[in-house]
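What follows is a short report on a single structure.
The values are calculated or read from the model by the stated rules, or taken from the named source; none is laboratory data. No experiment lies behind these values; they were computed from the predicted model shown. Neighbour counts are summed over all protein chains in view; Cβ atoms, including those assigned to glycine, are modelled from backbone coordinates with ideal geometry. Accessible surface is based on the protein model in full, side chains and every heavy atom, while ligands, DNA and RNA are left aside. Shrake-Rupley method; radii C 1.70, N 1.55, O 1.52, S 1.80 Å.
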Amino acid sequence: MRLDGKVALITGAAKGVEGRLMGFGGAAARLFSREGAIVVIADIDEESGKLTAEQINNDGGEAVFFRLDVTSEVSWAAAMEATIARYSKLDVLVNNAGTVSRADVEGTTLEMWEEQMAVHSTATFLGTRAAIPEMRRTGGGSIINVSSIFGLVGSPSSTAYHAAKGASRIFTKAAAVQYAKEGIRVNSVHPGFVTTPMTAPFFSDPELINPRLATVPMGRLGLADEIAYGILFLASDEASFVTGAELVIDGGFTAQ
Ligand SMILES: NC(=O)c1ccc[n+]([C@@H]2O[C@H](COP(=O)([O-])OP(=O)(O)OC[C@H]3O[C@@H](n4cnc5c(N)ncnc54)[C@H](O)[C@@H]3O)[C@@H](O)[C@H]2O)c1
């Protein structure tokens, strides 16, 4: 029970349905629940989000689905208000929601750029800003921002994604420094290549996945649970002296 009694809001956590391919947020929602947390599943995918929450509740946990568009300030205010109304506090926030955009610099339209910045960078800011007063009120908390290896190094594609994930990485450190004295820890997680509902359309194509696999020292893709366990550590009190850190979980990709 590493999160016993904690209330955790996880964005982009709808893909946690038993028997279907899971994303990091969905896997983390299930893991957090097994470790004693009350889980708020916040996503724009209502069908999967409600089903994930229902299954967690049927398994003896406590979860609720709230519709949250992480790019919208109004939507954040509503989700935070609903969370506090229902559970009175927020101990953990995982900014995890994301989308993919693959193009080199010249192939990147302004629309693609702004969409990626909104969903990965602006959303992380909005979520963190909304959570801080609630965490301050109860004496602290843990915020985990799911960035990427692509927030650390470049690649031939995914231009706007790199920029947005890099912004999320350094925003994490600014927030960590600013709120450390108030017991609010802020860390980033940098996953490597993992097949999830988001990446499956690309990673099921051998022409796209094989060159990537060749660059991973472990020679395989990661699993959603392997990312969720890293998020769990940062959320738990085991990480009580960890803030502003970047936890890389990538099979050795960025060690080269
Ligand atoms: N899968 C990978 O290989 C990989 C690697 C590094 C980083 N990441 C990052 O990890 C995070 C989770 O990725 P995943 O592959 O597990 O995804 P996933 O398959 O769980 O899909 C992302 C989820 O985010 C939700 N979402 C999208 N836009 C949203 C919005 N505006 N508001 C609320 N929810 C929204 C989707 O509905 C979906 O449920 C993302 O930030 C992603 O960029 C993924």
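Given the structure, is Ile41 surrounded by 24 or more Cβ atoms within 10 Å (Cβ to Cβ) and either within 25 Å of Lys6 (Cβ to Cβ) or among the basic types (Lys, Arg) (or both)?
Criteria met by Ile41.
Starting from segment 134-147, keep only residues that are part of a strand (DSSP E or B), then list their pairs with residues that are among the aromatic types (Phe, Trp, Tyr) whose Cβ atoms are within a distance under 8 Å, requiring at least 6 positions of separation or different chains.
Matching pairs, first to second residue: Asn145/Phe171; Val146/Phe24.
Name every residue in segment 81-110 that is within 15 Å of the ligand (Cβ to nearest atom) and surrounded by fewer than 24 Cβ atoms within 10 Å (Cβ to Cβ), in order of residue number.
Correct list: Ala82, Thr99, Val100, Ser101, Arg102.
Going by the conditions given, is Pro211 more than 30 Å from Ser88 (Cβ to Cβ), assigned to a helix (DSSP H, G or I) and either more than 16 Å from the ligand (Cβ to nearest atom) or over 17 Å from the mean Cα position of the chain (by Cα) (or both)? I'd like the intermediate steps shown before the answer.
On the way: more than 30 Å from Ser88 (Cβ to Cβ): yes; assigned to a helix (DSSP H, G or I): yes; either more than 16 Å from the ligand (Cβ to nearest atom) or over 17 Å from the mean Cα position of the chain (by Cα) (or both): yes.
Yes: the conditions hold for Pro211.
Just the residues that are assigned to a loop (DSSP other than H, G, I, E, B) and charged (D, E, K, R), please, taken from segment 54-71.
The initial filter retains those residues of segment 54-71 that are assigned to a loop (DSSP other than H, G, I, E, B), namely 59-61, 68-71.
Hits for segment 54-71 are Asp59, Asp69.
Which residue, of Thr124, Thr172, is assigned to a helix (DSSP H, G or I), near the ligand (Cβ under 10 Å from one of its atoms), surrounded by 24 or more Cβ atoms within 10 Å (Cβ to Cβ) and modelled with pLDDT of 95 or more?
The unique qualifying residue is Thr124.
Under 9 Å between Cβ atoms, which residue pairs at least 6 apart in sequence (or on different chains) link something in segment 222-251 that is within 26 Å of Glu182 (Cα to Cα) and of a type in the set (Phe, Trp, Tyr) with a partner that is open to solvent by 20 Å² or more (accessible area, probe 1.4 Å) and not in a loop (DSSP other than H, G, I, E, B)?
Tyr229/Ile249; Phe233/Leu247; Phe241/Arg185
Within segment 185-197, can you find the residues that are within 13 Å of the chain's Cα centre (by Cα) and either open to solvent by 30 Å² or more (accessible area, probe 1.4 Å) or of a type in the set (A, V, I, L, M) (or both)?
Val186, Val189
Among (1) open to solvent by 20 Å² or more (accessible area, probe 1.4 Å); (2) modelled with pLDDT under 95, where does Leu221 come up short?
It fails just one condition, (2).
Given (1) open to solvent by 30 Å² or more (accessible area, probe 1.4 Å); (2) free of Cβ contacts under 8 Å to residues at least 12 places away in the same chain; (3) among the small types (Gly, Ala, Ser), identify the lone condition not met by Ala77.
(2)
Please find, among Ser142, Ser147, the residue that is among the small types (Gly, Ala, Ser), at pLDDT 95 or above and near the ligand (Cβ under 10 Å from one of its atoms).
The conditions single out Ser147.
List every residue pair whose Cβ atoms lie under 6 Å apart, where the two residues are 6 or more positions apart in sequence or sit on different chains, the first residue falls within segment 5-28 and is at pLDDT 95 or above, and the second residue, located anywhere, is among the aromatic types (Phe, Trp, Tyr) and surrounded by fewer than 24 Cβ atoms within 10 Å (Cβ to Cβ).
Matching pairs, first to second residue: Val7/Tyr87.
If Gly244 satisfies all but one of (1) in a loop (DSSP other than H, G, I, E, B); (2) open to solvent by less than 30 Å² (accessible area, probe 1.4 Å); (3) under 28 Å from Val39 (Cβ atoms); (4) within 15 Å of the ligand (Cβ to nearest atom), what's the number of the condition it fails?
Gly244 satisfies all of (1) in a loop (DSSP other than H, G, I, E, B); (2) open to solvent by less than 30 Å² (accessible area, probe 1.4 Å); (3) under 28 Å from Val39 (Cβ atoms); (4) within 15 Å of the ligand (Cβ to nearest atom) except (4).
Can you name the residue in segment 6-53 that is over 23 Å from Ser148 (Cβ atoms) and in a helix (DSSP H, G or I) and, of all such residues, is farthest from the ligand (Cβ to nearest atom)?
Residue satisfying both the conditions and the ranking: Arg34.
Does segment 72-92 contain at least one residue that is in a strand (DSSP E or B) and closer than 25 Å to Met1 by Cα?
yes
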